[in-house]
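Remarks on the structure that follows.
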Amino acid sequence: MASNPAYVPFTFVLAAALIALLGIGWAQRKKRLGRGVLIVSPLAAAFLLLYFWHIPFHDAARSVLAPSRSYSCELDGDGSRKQEPFTIPLPKRTVFKGKTNACSPFYRTYATADEFNRLYGSQLEDWKRSGAIAGWTRMEPEAAGDGSAWTSEGFDARLNDGRIVLIRMRTATGESGGRMIAIDIPATTGGLAR
């Protein structure tokens, strides 16, 4: 079920529009335009209903039509500096899952684990060479400790102020589209420097 209550009235409006289009198409069925309306309008209505009511289809369509390109979070600087934005690219075909783009968001991705590892391995290595981060480590795939069918892997990037940015991909065993990315940046440096 979709998460937005506005989809309910939208569905009624869509049904009314479909009935009107089918009526126009039926009245003009002997003409080419009328036959086209009779064929195209139910297909378009089915696509729209799938887009708004079927969450996996909605995510897959958004990942192609309007993917999330990067993650950004405003980091608090020390007293002498303004806030520093932390921005990191996201894999292709990734969509934001949440209500607001906060500093600990979750994303659904259709990228494979190899694409995820290549992207962040090369990005973090470039940042380390340029001095943008102090260092990084890779977390090997491991099964979730709660007994679920999820495996987790990812990276820890140590910022120059000592904060650790956690970049994780969780994959549901046996599902090709069941991948989530979580990026977490702590608000303070307390106790996180390694």
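How far, in nm, would the chain grow between THR112 and VAL64 when pulled straight, counting 0.36 nm per residue and subtracting the alpha carbon separation? Don't skip to the end; give the middle numbers.
Values: separation 48, 0.36 × 48 = 17.28 nm, distance 1.53 nm.
Contour length minus Cα-Cα distance gives 15.8 nm.
Suppose R0 equals 22 Å. What FRET efficiency, 1/(1 + (r/R0)^6) with r the Cβ-Cβ distance, do THR173 and HIS54 give to the nearest 0.05? Intermediate results must be reported in sequence, preceding the final value.
On the way: r = 22 Å, r/R0 = 1.02.
For THR173 and HIS54, the calculated efficiency is 0.45.
Per residue, how much accessible area does the stretch 22-66 have with a 1.4 Å probe, in Å²?
Values: 3100 Å² over 45 residues.
Value for the stretch 22-66: 69 Å² per residue.
Estimate the FRET efficiency between ALA44 and SER72 by the formula 1/(1 + (r/R0)^6), using the beta-carbon distance for r and 45 Å for R0, to the nearest 0.05. Could the numbers behind the result be given before it?
Details: r = 35 Å, r/R0 = 0.78.
Given R0 = 45 Å and the Cβ-Cβ separation, E is 0.80.
The values are calculated or read from the model by the stated rules, or taken from the named source; none is laboratory data. For clarity, every value in this text was computed on a predicted model and none was experimentally measured. Heads up, the Cβs are rebuilt from the backbone with ideal geometry, glycines too, and the neighbour counts pull from every protein chain shown. Just the protein is used for accessible areas: all its heavy atoms, side chains included, with ligands, DNA and RNA removed. Shrake-Rupley method; radii C 1.70, N 1.55, O 1.52, S 1.80 Å.
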